[in-house]
Amino acid sequence: MNVWDMFWMLSVAAFGGLLVLTLKYAIFRKRVSQKLPGKKLRFFDLFGNLSDVPMTKESCHGWSFNVFFLQVFGGYSRLFQNCPLFCFWVSYVPFIVLTKAEAVEALISGTKHMEKNWSYNWLQPWLGTGLLTSHGSKWKSRRKLLTPSFHFEILKDFLPVFNEQSKVLVKRLQKETTKDSTDIVMPITLCSLDIICEQER
């Protein structure tokens, strides 16, 4: 057997393997899509819902890709706002987005789904393995430490400050209503800081 025969055999095997893998994930996506609300995708749509996000700056109306992606994601959230959850596909990987408080409560009140998805690993260099990214015994011990701080009776004492600073935030945002879009990162950050500083007095 010469080198070219070997090359063609490996190429056919690689292509066949890729085709089988794509078929497997396409069937998986079809089964999940039948059970969960979300945009119905074509069988071989390789990008999933990301195909709705244009890849050129001109088609993003001058916004960066990240901002435009969040706009598309926000559109999906509004589209499925009457559903407790919906499925957003990044290629063949499903991301379940919870849109109702009842769905969040059902998820976090149980102990069945405690293991974090691989996508949380992206946050670990930034946040470390804290309450958001950890699981198992580490998560349980930290949750136990934090739970008393968020008891309803304790939070009731903070309501006047929440209300006061929220009104300040609303006044700030009302000044921005004439614009097509507003960057809310700084106003929200300042509101959070005002609430924290008010509590420290």
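For the chain, calculate the relative contact order in percent as a whole number, restricting contacts to Cα pairs under 8 Å that are 6 or more residues apart.
On the way: 122 pairs, mean separation 25.1, N = 201.
Once divided by the residue count of the chain, the mean separation gives 12 percent.
By how many nm would the segment from LEU19 to LEU159 grow when fully extended, if each residue of separation counts as 0.36 nm and the alpha-carbon distance is taken off? Write down the numbers at each step before the final one.
Numbers: separation 140, 0.36 × 140 = 50.40 nm, distance 5.68 nm.
Contour length minus Cα-Cα distance gives 44.7 nm.
Using 1/(1 + (r/R0)^6) with R0 = 35 angstrom and r between the beta carbons of ASP183 and TRP122, what's the FRET efficiency to the nearest 0.05?
After rounding, the FRET efficiency stands at 0.90.
List the lysines whose alpha-carbon lies under 18 Å from that of LYS175, not counting same-chain residues fewer than 8 positions away?
Answer for LYS175, where 18 Å is the Cα cut-off: LYS167, listed by chain and number.
Taking N as the number of residues in the chain, what is its alpha-carbon radius of gyration divided by 2.2 N^0.38 Å?
After normalising by residue count via 2.2 N^0.38 Å, the value is 1.41.
How long is the gain from LYS40 to LYS167 if the chain were fully straight, where each residue apart is worth 0.36 nm and the alpha carbon distance is subtracted?
Once the chain is fully extended between LYS40 and LYS167, it gains 41.6 nm.
What accessible area per residue, rounded to a whole number of Å², is obtained for the stretch 87-201 using a probe radius of 1.4 Å?
Working: 9010 Å² over 115 residues.
Heavy-atom SASA per residue in the stretch 87-201 reads 78 Å².
Compute the distance in nm between two label points, each set 7 Å from the Cα along the Cα-to-Cβ direction, one at LEU70 and one at SER141.
Between LEU70 and SER141, the simple spin-label model gives 3.5 nm.
Which of the helices in the chain meet the span-like rule: DSSP H, Cα axial reach of 27 Å or more, Kyte-Doolittle mean at least -1.0?
3-35
Hey, in the GNM for the chain with a 10 angstrom Cα cutoff, which one of LEU23, LEU70, LEU169 fluctuates hardest?
Looking only at LEU23, LEU70, LEU169, the largest GNM fluctuation is found for LEU169.
Which net charge results for the neighbourhood of MET186, defined as the other residues with beta-carbon distances under 12 angstrom from its beta-carbon, given Lys and Arg at +1 and Asp and Glu at -1?
With Lys, Arg at +1 and Asp, Glu at -1, the neighbours total -1.
As a quick test, which of the pairs LYS116/LYS144; LYS35/LYS144; LYS40/LYS100; LYS100/LYS179; LYS39/LYS100 have an alpha carbon distance above 25 angstrom in this structure?
LYS35/LYS144; LYS100/LYS179
Return the loop-located GluC sites (Glu not before Pro) in the stretch 126-186 (DSSP other than H, G, I, E, B) with at most 12 other Cβ atoms within 10 Å of their own Cβ; answer none if there are none.
On the way: sites: GLU153, GLU164, GLU176; in loops: GLU176.
Listed in order of number, the matching sites are GLU176.
With runs of 4+ DSSP H residues as the only contributors, calculate the mean residue ellipticity of the chain at 222 nm using -39,500 (n - 2.57) per run, divided by the residue total and rounded to the nearest 500.
Working: 8 runs with 109 residues, N = 201.
The helix contribution divided over the chain gives -17500 deg cm²/dmol.
The values are calculated or read from the model by the stated rules, or taken from the named source; none is laboratory data. Not measured: the values here are computed from a predicted model. Cβ atoms come from the backbone with ideal geometry, glycine included; neighbour counts cover every protein chain shown. Ligands, DNA and RNA are stripped out before the accessible areas are found, and what is left, the full protein with its side chains, is counted by its heavy atoms. Shrake-Rupley method; radii C 1.70, N 1.55, O 1.52, S 1.80 Å.
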